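My structure is below; once you've seen it, I'll send some questions.
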Amino acid sequence: MTNKILDLVEKPHLKQTPPQFEVGDTVDVATRIVEGEKERIQVFSGTVIMRKGRGINETFTVRRIVNNEGVERIFPLHSPYISKVTVRRSGESRRAKLFYLRGRVGKAVRLTEKRKVTKKEAAATAQAEAPAELAASAT
């Protein structure tokens, strides 16, 4: 149950179209870094190991390996300093939080890629299922 007054206060600060990604995806997070009067964009790429919170408090954690050392950064989803989040690879996961990746090294860190169904495969499975449905309804 949420407080309606808090929702009204938070609503103008939320992003209109928040980035679409899931836990297990490999993403590039472009953050705006302000150094004095200059501003630049720095990209942090890695695997999303967790999302938590809701509304303005929603955050996600990205993990990557740098010089054989695991580095994790927590990003607020609706922060104005995050310019964009690009999904490079969709990973398949059956968990909401992938903390077990912290104990893995090398190729064991990689998750299997989500299989995308092509139009030909979808049509072939629909044709294969249609006769089975007709036979089942006839009996």
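Each reported figure results from applying straightforward, stated rules to the coordinates on display, with no laboratory input. Not measured: the values here are computed from a predicted model. Positions of Cβ are generated from backbone atoms using ideal geometry, with glycine treated the same way; all protein chains shown enter the neighbour counts.
At most 14 other C-beta atoms within 10 Å and a DSSP loop state: those are the exposed trypsin sites (Lys or Arg not before Pro) I care about. Give me the longest piece of the chain that has none.
Details: sites that count: Lys15, Arg54, Arg94, Arg95, Lys97, Arg104, Arg110, Lys114, Arg115, Lys116.
Here the longest segment lacking exposed loop sites spans 55-93.
Under 18 Å Cα-Cα from Lys84, which lysines qualify once same-chain neighbours fewer than 8 residues away are excluded?
Straight-line reach from Lys84, under 18 Å: Lys15.
Let me ask something else. Report, please, the projected area of region 1-89 averaged over directions, based on the convex hull of its C-alpha atoms, in nm².
Values: hull surface 29.7 nm².
That works out to 7.4 nm².
Before rounding to the nearest 500, sum -39500 (n - 2.57) across all DSSP H runs of length at least 4 in the chain and divide by the residue total; then give [θ] at 222 nm in deg cm²/dmol.
Numbers: 2 runs with 27 residues, N = 139.
When only DSSP H runs of four or more count, the value is -6000 deg cm²/dmol.
Please state the equivalent ellipsoid semi-axes for region 56-137: what are the square roots of 5 times the Cα gyration tensor eigenvalues, largest first, in whole Å? If you can, show how the numbers build up before the last one.
Working: eigenvalues 297, 69, 32 Å².
That gives 39, 19, 13 Å for the three semi-axes.
Which value does Rg/Rh take for region 10-54 over its C-alpha atoms, Rh per Kirkwood? Don't jump to the answer; show the numbers that get you there.
Values: Rg = 13.5 Å, Rh = 12.9 Å.
My calculation of the ratio gives 1.04.
For the pair Arg88/Arg73, report the inter-label distance in nm, with labels modelled 7 Å from Cα in the Cβ direction.
1.3 nm
Assuming 0.36 nm per residue, please report the length gained on full extension of the stretch Asp7 to Tyr81 beyond their Cα-Cα distance.
24.5 nm
Which of Gly36, Gly55, Gly103 moves most in a GNM of the chain, Cα contacts under 10 Å?
Looking only at Gly36, Gly55, Gly103, the biggest GNM fluctuation is shown by Gly36.
Could you let me know the centre-to-centre spacing of region 35-59 and region 16-32, using Cα atoms, in angstrom?
8 Å
In region 65-114, what GluC sites (Glu not before Pro) fall in a loop by DSSP, with at most 12 other Cβ atoms inside 10 Å? Show your work: numbers first, answer last.
Numbers: sites: Glu69, Glu72, Glu92, Glu113; in loops: Glu92.
Here the GluC sites (Glu not before Pro) that fit, given the DSSP loop and packing criteria, are Glu92.
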